[in-house]
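Chemist: What follows is a single structure, and I will ask about it in a moment.
The values are calculated or read from the model by the stated rules, or taken from the named source; none is laboratory data. For clarity, every value in this text was computed on a predicted model and none was experimentally measured. Because the Cβ atoms are built from the backbone with ideal geometry, glycine has one as well, and the counts that use them run over all protein chains shown.
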Amino acid sequence: MFQRRSIRVLPLITNRKLPMLSVRTSLDLAVSCVTELSSLADSVDAWNRLAADLPFRRWEWVESWWRHYRSSGMSAYVLTVRTRAGELVGVLPCYLATSPLKGRVLRFMGSGEICSDYLTLSAAPEHEQAAAESIGRWLSETAPQDWDLLEFDGVAQGEPTLQFLLNWLRSHGHRVQERQRLSAWRLQLPGDWEEYLAKVSKRRRVRIRQIVKRQLETGQVVGRIAKSAAEFERGWQIFYDLHQRRRESLGEKGCFVSERFANFHGEVSRRFFALGRLRLHWVELAGVPVAVDYAFLGGNTVYCYQSGLDPRHSTAQPGWLDWTSSIRLAIEEGYQAFDFLRGDEPYKATWRAEPISLLEIRVVGRRPAAVLRDHVWKAGNSARGVLGAAKQNVRQWLFARTVKPTVESEAEVEAST
């Protein structure tokens, strides 16, 4: 059933289909390198079971990303782990790219401007360690010449399956570097709205009660969630419009100026909506949409990916209106967590979300060329870090001399979201 392969280098740029290469790594598990993602179409259900209800690990997210973001310099490099019976028990969805400085680099599918959080090696709970070590053997012993660097981003600190893999690689002579970047922010939801209000500050609690009593319960403000295809299309247009309005009011172009970003989300949102795994929520003030949040659903959690608001209605504090309505509805619907995802914006903590550290991980291959490239990269990165710190100090000094300090109130923080 399992075919051992002779070691060879996979071509990075190719117009022909590459075979699926596999090697048996233990008495019970075999690792295969899948270089045509479409060949896994018959394993979608098994893949999604391994995703453990994390939207950014699901097949629909990964497959959509690959079709929209694949370029001529990228090759699929998806490592799958199967039992003797052929059951899929592990998957590490990566792509292979090259650069003059870093060499051949393996990254998660879903990396880059999409900002996919909580990526990992997905594995069945009873096979986590064995699957991770099997993939470690593949990378280090079976195919060490295929790559120079593993570069992973958006990994939750302490994520167990990937830690098994990193520990195995570290113990077999690979240099492993972990660096904390931005955090994701998750709000644990109680079963009752009043219990949630007890968690926030007194001042915030008073303001939220006013919104609920004077605006939501009177119908002046209405929270809506898209249920039908027609409602989704209307909500999507509201989201696109308000997201761009908000970014442009801050002097930014907004994410949707990227054609690939816009096309990816236009597709993946509809795929998840059809599965009942998308939540498009907006609030209307006197019948006019003023704020919106775009979220994915997984298990008992709402994953809020992006939001938008109309700066023309800033005096109505649309950020307050949206989050009050959205969190209240999530509790009523029985969700246990509301995840604001990546980004350390101040407003997330004010709603009592707590940080989850996300890591950037680098694993260096053992070949001399890979080690040399890593030394060159580190030297350049260190020099850039010193220069960047010096520039930041100068900017802070100039800012302190030219701008009077101000203290943002909690309401001002929320109004800016």
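Chemist: Among the listed residues GLN210, GLN215, which satisfies the condition of being crowded, with 16+ Cβ neighbours inside 10 Å, polar (S, T, N, Q) and assigned by TED's automatic domain parsing to the domain that holds HIS281?
Modeler: Numbers: GLN210 fails: crowded, with 16+ Cβ neighbours inside 10 Å.
Going through GLN210, GLN215 in turn, just one is crowded, with 16+ Cβ neighbours inside 10 Å, polar (S, T, N, Q) and assigned by TED's automatic domain parsing to the domain that holds HIS281: GLN215.
Chemist: If you don't mind, there's one more thing I want to ask. Out of curiosity, is GLU60 at pLDDT 95 or above, out of contact with any Ser or Thr (no Cβ under 7 Å at 6 or more places or on another chain) and loosely packed, with under 15 Cβ neighbours inside 10 Å? First the steps, then the outcome.
Modeler: Working: at pLDDT 95 or above: yes; out of contact with any Ser or Thr (no Cβ under 7 Å at 6 or more places or on another chain): yes; loosely packed, with under 15 Cβ neighbours inside 10 Å: no.
Considered against the rule, which asks whether it is at pLDDT 95 or above, out of contact with any Ser or Thr (no Cβ under 7 Å at 6 or more places or on another chain) and loosely packed, with under 15 Cβ neighbours inside 10 Å, GLU60 comes out as no.
Chemist: Out of all the residues in segment 165-186, which are touching a helix residue (DSSP H, G or I) at 6+ places or on another chain (Cβ under 7 Å) and within 27 Å of PHE340 (Cα to Cα)? Quick ask: steps written out before the conclusion?
Modeler: First pass over segment 165-186, keeping only residues touching a helix residue (DSSP H, G or I) at 6+ places or on another chain (Cβ under 7 Å): 165, 168-169, 172, 174-176, 185.
TRP185, the sole residue that qualifies.
Chemist: What's the total number of residues in segment 233-278 that are surrounded by 17 or more Cβ atoms within 10 Å (Cβ to Cβ), under 18 Å from the mean Cα position of the chain (by Cα) and aliphatic (A, V, I, L, M)?
Modeler: 2
Chemist: Any residue in segment 52-71 that's farther than 15 Å from VAL91 by Cα and in contact (Cβ under 8 Å) with a residue 24 or more places away in the chain: show its pairings with residues that are of a type in the set (A, V, I, L, M) and assigned to a loop (DSSP other than H, G, I, E, B) at Cβ separation under 6 Å, as long as the two are six or more apart or on different chains.
Modeler: From residues that are farther than 15 Å from VAL91 by Cα and in contact (Cβ under 8 Å) with a residue 24 or more places away in the chain, the pairs are TRP65/MET109; TRP66/MET109.
Chemist: Continuing with this model, one more query. Under 8 Å by Cβ, and 6 or more places apart or on different chains, what pairs join a residue from segment 201-223 that is touching a residue at least 60 places away in the same chain (Cβ under 8 Å) with one that is of a type in the set (Lys, Arg) and in a helix (DSSP H, G or I)?
Modeler: Taking only residues 6 or more apart or on different chains, the pairs are VAL212/ARG328; LEU216/ARG328; GLN220/ARG214; GLY223/ARG328.
Chemist: Sort out which residues of segment 141-161 are under 20 Å from ALA97 (Cβ atoms) and assigned to a helix (DSSP H, G or I), and write them in order of number. Give the steps one after another, and end with the answer.
Modeler: Step one: of segment 141-161, the residues under 20 Å from ALA97 (Cβ atoms) are 143-155.
Correct list: PRO144, GLN145, ASP146.
Chemist: Please verify whether SER140 is more than 20 Å from ALA52 (Cα to Cα), in contact with a helix residue (DSSP H, G or I) (Cβ under 7 Å, 6 or more places away or on another chain) and of a type in the set (S, T, N, Q), treating the condition exactly as stated.
Modeler: Numbers: more than 20 Å from ALA52 (Cα to Cα): yes; in contact with a helix residue (DSSP H, G or I) (Cβ under 7 Å, 6 or more places away or on another chain): yes; of a type in the set (S, T, N, Q): yes.
So SER140 fits the description; yes.
Chemist: Please find, among LEU12, LEU54, the residue that is farther than 16 Å from GLU141 by Cα, in contact with a strand residue (DSSP E or B) (Cβ under 9 Å, 6 or more places away or on another chain), at pLDDT 95 or above and not aromatic (Phe, Trp, Tyr). Lay out the reasoning, then the answer.
Modeler: Values: LEU12 fails: at pLDDT 95 or above.
Just a single option satisfies the conditions, and that option is LEU54.
Chemist: Please work out which one of (1) closer than 25 Å to ARG67 by Cβ; (2) at pLDDT 95 or above; (3) in contact with a Gly (Cβ under 9 Å, 6 or more places away or on another chain); (4) not aromatic (Phe, Trp, Tyr) is the condition CYS115 fails and give its number.
Modeler: Looking at each condition in turn, CYS115 falls short on (2).
Chemist: Given THR120, THR80, which one is over 19 Å from the mean Cα position of the chain (by Cα) and modelled with pLDDT of 95 or more?
Modeler: On the way: THR120 fails: over 19 Å from the mean Cα position of the chain (by Cα).
The unique qualifying residue is THR80.
Chemist: Turning to a different aspect of this structure: Restricting the first residue to segment 138-159 and requiring it to be more than 10 Å from ILE361 (Cβ to Cβ) and touching a residue at least 24 places away in the same chain (Cβ under 8 Å), which pairs with a second residue that is basic (Lys, Arg) and assigned to a strand (DSSP E or B) meet a Cβ separation below 7 Å and a spacing of at least six or different chains?
Modeler: Going by the 7 Å Cβ cut-off, the qualifying pairs are ASP146/ARG104; TRP147/ARG104; ASP148/ARG104; LEU149/ARG362.
Chemist: Looking at LEU321 and the list (1) within 27 Å of GLU194 (Cα to Cα); (2) within 21 Å of the chain's Cα centre (by Cα), which single condition is not satisfied?
Modeler: So the condition that LEU321 fails would be (2).
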